[in-house]
Amino acid sequence: MQVESAPKKKSKLTLYIVIALVIGIALGFILNKNYLYEENKSLEALDAKIAIIKKDLHAATDSVVYKRLDKEKKAANKERNEILASRDKKVEPFSVLADVFLRLIKMIVAPLVFTTLVVGVAKLGDIKSVGRIGGKTLLWFISASLLSLLLGMVIVNLFEPGIAMHLPVPDTSEDVGIAHVGFSLKTFLFHIFPSSVIESMAKNEILQIVVFSLFFGVATAAIGEQGKIVTKALDAVSHVILKVTGYVMNLAPVAVFGAMTAVIAKQGIGILKTYSIFIGEFYFSLGVLWLLLCLAGFLVIGKRIVALVKRVKEPILVAFSTSTSEAAFPKTMEELQKFGCNDKIVSFVLPLGYSFNLDGSMMYMTFASLFIAQSYNIELSFATQISMLLVLMLTSKGIAGVPRASLVVIAGTLASFNIPEAGLALLLGIDPLLDMGRSATNVMGNSIATAVVSKWENALDVEKTDL
């Protein structure tokens, strides 16, 4: 199943996305300085007031004074939440544009994964081929995940942003509202194997859809001629869904504009100044990770890695602007097929990557966890940090699809190593800005993985790699 479209149209859409990105950032700054000025100033004053109250609470010895300060803190937090809600309401017309686009993408993802993967597996013909490709895919995923985690650990130890920034740390008893998920074999297996494929599709649990699709595809191939009828029907359905994808992607510039306007309007440049060290070092780390991933890809597919990056720049932009790699999934699949990756390999590797190969998110987990430990002046030995890395490697595989999944995993990891979970409050304000880079990196990592596995399977069409 190969999808062709005019390069000119693709180039125009990319241009429109870039223009929407720039206009959204510009309008966001204007709204931040004018339309949301009062709310942002009030939040700034309240944050300063809450910080002072926390300091006084920590020093309070008299129970009457403590109760009074605690009451003041609760009142200030309540007022702060009301202002945040009011601010969100003001930018809602912009955020709705991105939300509608994301809902349309989610509408497409489950049937697209199911139809393309079933067709791909059925065409492979036997379970041995599935096992062979699956083994190569997991080998790359595990290697890339370990590289990402290790790189995050090395760079955060090199720069030590938690020490260099001198941020006032939250009280260790503070609740940041992030539930944490520890690793358990039961949770891990339940996340992989669905009890109902309908429920899995409704919740967009991609890994569970993949498992069902693998069984369905192998069974379809096993029943012979009748299976070919099913394969042909699902192949036609997948083409229809890809056509729908084309319609939905035309709304991408509007979604990018809305998402960027809302984020910048709320965050402004003040938070960039405060967290410039952390944000700069994290994006530098992502840059290094991109170079290493491209180098690894170059070792397998050669100079065509450049053409691959050019091919997927559009889904990378979409993921960056909307802060979710899921939004880029259908377009990534289409571009990889145009690049020359075998459609069966794309249908198999890419969905798996969304649960097992989130390179940007993996690197952020070690980077953020050790940053919080540094902020609390908690020294972790090399052996402890390696243990943390391995724990993150396991826990991250069991919660894909959970909102703010990276923060959920980090919260569980912090608890396991006796690091205050309240430290997550240091990152909540800038998480949307960090999530943009993570999401773009996830798309890049999965694109390279798909191309590499295609090459290993001698299923990379050389003639189609040029733009």
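The values are calculated or read from the model by the stated rules, or taken from the named source; none is laboratory data. In this text the structure is predicted, and so the values were computed from the model without any measurement. When we count neighbours, we look across all protein chains shown, and the Cβ atoms used for this are built from the backbone with ideal geometry, even at glycine.
Listed here are the residues, each with its yes/no results for (1) closer than 30 Å to residue 429 by Cβ; (2) aliphatic (A, V, I, L, M); (3) at pLDDT 85 or above; (4) in contact with a His (Cβ under 6 Å, 6 or more places away or on another chain).
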{"site": "90", "(1), (2), (3), (4)": "yes, no, yes, no"}
{"site": "123", "(1), (2), (3), (4)": "no, no, no, no"}
{"site": "142", "(1), (2), (3), (4)": "no, yes, yes, no"}
{"site": "156", "(1), (2), (3), (4)": "yes, yes, yes, no"}
{"site": "169", "(1), (2), (3), (4)": "yes, yes, no, no"}
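Restricted to the range 263-318, and to residues there that are within 21 Å of the chain's Cα centre (by Cα) and polar (S, T, N, Q), the residue that is surrounded by the fewest Cβ atoms within 10 Å (Cβ to Cβ) is 267. Tell me, please, whether a residue that is assigned to a helix (DSSP H, G or I), aromatic (Phe, Trp, Tyr) and more than 22 Å from residue 137 (Cβ to Cβ) can be found in the range 211-218. No, every residue in the range 211-218 fails to be assigned to a helix (DSSP H, G or I), aromatic (Phe, Trp, Tyr) and more than 22 Å from residue 137 (Cβ to Cβ). Among residues of the range 174-223 being polar (S, T, N, Q) and closer than 21 Å to residue 325 by Cα, the one that is modelled with the lowest pLDDT is 204.
Restricting to helices (runs of 4 or more DSSP H) lying wholly in the range 260-337: which have 3 or more residues that are at pLDDT 90 or above?
Details: elements: 270-274, 276-301, 304-311, 313-322.
Per the criteria, 276-301, 304-311, 313-322.
Which of the residues that make up the range 1-44 are part of a helix (DSSP H, G or I), modelled with pLDDT under 85 and of a type in the set (A, V, I, L, M)? The answer is 13, 43. Restricting the first member to the range 150-169 and to residues that are touching a residue at least 60 places away in the same chain (Cβ under 8 Å) and on the phi > 0 side of the Ramachandran plot, and the second to residues that are of a type outside the set (Val, Ile, Thr) and surrounded by 17 or more Cβ atoms within 10 Å (Cβ to Cβ), the beta-carbon pairs closer than 8 Å and six or more apart or on different chains are 160/374.
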